[in-house]
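The values are calculated or read from the model by the stated rules, or taken from the named source; none is laboratory data. Values in this document were obtained by computation on a predicted structure and should not be read as measured data. Quick reminder, even Gly has a Cβ in these numbers, built from the backbone with ideal geometry, and neighbours come from all protein chains shown. Calculation scope for accessible area: heavy atoms of the full protein, side chains included, ligands and nucleic acids excluded. Shrake-Rupley method; radii C 1.70, N 1.55, O 1.52, S 1.80 Å.
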Amino acid sequence: MNTMQSSAQAATAARRGIVIEGRDVGKSFGGGSVIALEGASFSVKAGSFVSLVGPSGCGKSTLLRLIAGLIDRTSGQLTVHGRDVKGPHSDVGMMFQRATLLEWRTAIENVLLPVELQRTVTAADRARATELLAMVGLKDFAFSFPSQLSGGMQQRVALARLLQTGADILLLDEPFGALDEFTRERLNIELMRIVGEVGATTLFVTHNILEAIFLADEVMVMTPRPGRLARMVHVPFARPRTPELTLTPEFNALVAEVRDILGTH
Amino acid sequence: MHEPRDFLFWPARVLPHLALLVALLGLWEWAVASGSVDTIMVPRPSAIMAAIFELYVTKGSIYQHFFITLAEAVFGFLIGAGVAIALAVSSSLSENFERYVSPYAVVLNVTPGIALTPIIIAWFGYGMGSKIALAAVICFFPIFVNTLTGLRQTDPDREELFRSFGASRRQVFTQLRVPAALPLMFAGLKIGLTTALIGAVVAEFAQATAGVGVLMSRFSFALDMASSLATLLSMTLIGLLLFYTMEFLDDRVVFWRRDARMSAVSRARARAWASGAEK
């Protein structure tokens, strides 16, 4: 009965093209004394790029971890592919500000880690890993160890590893936040291309408003203490986008709109 | 590391050291020959050379003792390290276990291990058993503490990553915690191996039938200081042998901490990958 119901839910969600849906999602720590996130209701369409923007402490990372099933919500409903989120699941893959590579594994061995943790690595997995490293521009660095790579290159390996999981939902928690401006800008553009190529749904946490708008189809604007989802802002610009977009009046009008939401709440 | 061609210039690096050594030995020889130092207590370097030649070449009587002490230190180390690693792993897996084990580990550490010598000799006798036991006891602590500290270092981001990949607790331990602990564990093993040699030699000084420690005691009691110092050289040799064995293992196992080794391993893995792809 229960499984029938949930598969029916999954079917409806799929028809509407919604992959992640939250209703009144809340998370508090310490028995309710610290509220990290409150009343977040949202839905994310398949294949869309959603930025989560807001100041520190607005619950962006908490929301990402809730969707990944790494922490449990304290209230509300949260489904991924129409299925209730309970514990870590293989539909999503995460990437953090730090590359979190294993320094005793070569780049390609790091990319293969998620497969290795699940089953025996096949020739197809190896071929896929090679292909992914080429996609992130590290074809010639497959056998380099993390400490032999720059910070930007390490994040590229982490991105390839994330794609190797086969997850169709990518949760990126300020993935390029620790890198310099130039590297970050270049990686953002590559990220858009790669995500487009694999057709993944992406949630991208940042506290940079320009970056949030430039990358996304939708921007979730969040306000702090307690973390609340203030508004969803639609970004209408066509793809592929170039950095020149950020200079147009339309783009800057959106920036002003997001600033306004953040400022008035 | 050094470029291969640096090898051609090795005399330029080694010669100044040799010159200094010769000068120091010359000064020593001269001081003793001039009569300002008692020749019985402080033998001339030339007399030590003669004793070395006798012990190591003409009679060759040192080797039996050399290998006994080496074996005592190595077996003691293996036992001590085995117990230390087993307890450290158990402690890292269970907080309760750690709570009960750590007071004993601390007591063992603050008690001078050497002070156990008479008791250990009473328990294990004059033979190799007591030397191995003392070596094991005193090398235990540095290995235990380093291994446990290494295993306890946790990186929340990496643990979270493993969980998001659906890794089991066992996989988190074997694929993440253990490799991350290896550098510290090897630092502990290096200290432990040197300590084990000290344990073996001290137990030999106390009471023994064979080994370089007892040989050195005998020469000193007979006021044959040249032979005693010649015997000391064998302890240095054992120490060097053990030290470089550990350095070699450290280099192999914790390769990602050494640039030169990392490049070599990187090339080896690339070759292994290529040959795997052909199949």
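Numbers at a glance
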{"item": "Reciprocal mean inverse distance between Cα atoms of chain A - Kirkwood radius, Å", "result": "19.3 Å"}
{"item": "Fraction of accessible area attributable to carbon and sulfur, the protein assembly as shown (%, probe 1.4 Å)", "result": "62 percent"}
{"item": "For the pair A and B, total buried accessible area rounded to nearest 100 Å², probe 1.4 Å", "result": "2700 Å²"}
{"item": "Sum of side-chain charges, A:ASN208 neighbourhood, beta-carbon under 14 Å (Lys, Arg +1; Asp, Glu -1)", "result": "-3"}
{"item": "Delta accessible area of at least 40 Å² on complex formation, residues of segment A:121-151, 1.4 Å probe, chain isolated as reference", "result": "A:ARG126, A:PHE143, A:PHE145, A:GLN148"}
{"item": "Solvent-accessible heavy-atom area per residue, rounded to whole Å², over segment B:62-255 at 1.4 Å", "result": "47 Å²"}
{"item": "Amide H within-cut-off set for A:GLY227, under 5 Å, with H built and near neighbours excluded", "result": "A:LEU37, A:GLU38"}
{"item": "Rounded accessible area per residue of chain A, 1.4 Å, Å²", "result": "44 Å²"}
{"item": "For segment A:141-265, share of DSSP beta bridges that run antiparallel, in % to the nearest 5", "result": "55 percent"}
{"item": "Length released on extending from B:PHE205 to B:VAL42, taking residue separation times 0.36 nm less the Cα-Cα span", "result": "56.6 nm"}
{"item": "Cα pair distances of segment B:148-279 binned at 5 Å [whole percent]", "result": "2, 9, 12, 12, 12, 12, 10, 8, 7, 6, 5, 3, 2, 1, 0"}
{"item": "Calculated FRET value between B:PHE97 and B:ARG258, using beta carbons and R₀ = 25 Å, to 0.05", "result": "0.15"}
{"item": "GNM flexibility winner over chain A from A:LEU102, A:LEU187, A:LEU162 (Cα, springs under 10 Å)", "result": "A:LEU102"}
{"item": "Equivalent ellipsoid, the protein assembly as shown (semi-axes from 5 times Cα gyration tensor eigenvalues, Å)", "result": "64, 28, 21"}
{"item": "Rg/Rh ratio calculated on Cα atoms of segment A:131-259 (Kirkwood radius)", "result": "0.99"}
{"item": "Beta bridges per DSSP with both ends in chain A, % antiparallel, nearest 5", "result": "50 percent"}
{"item": "Rg over Rh [alpha-carbon atoms, Kirkwood Rh] for segment B:62-255", "result": "1.08"}
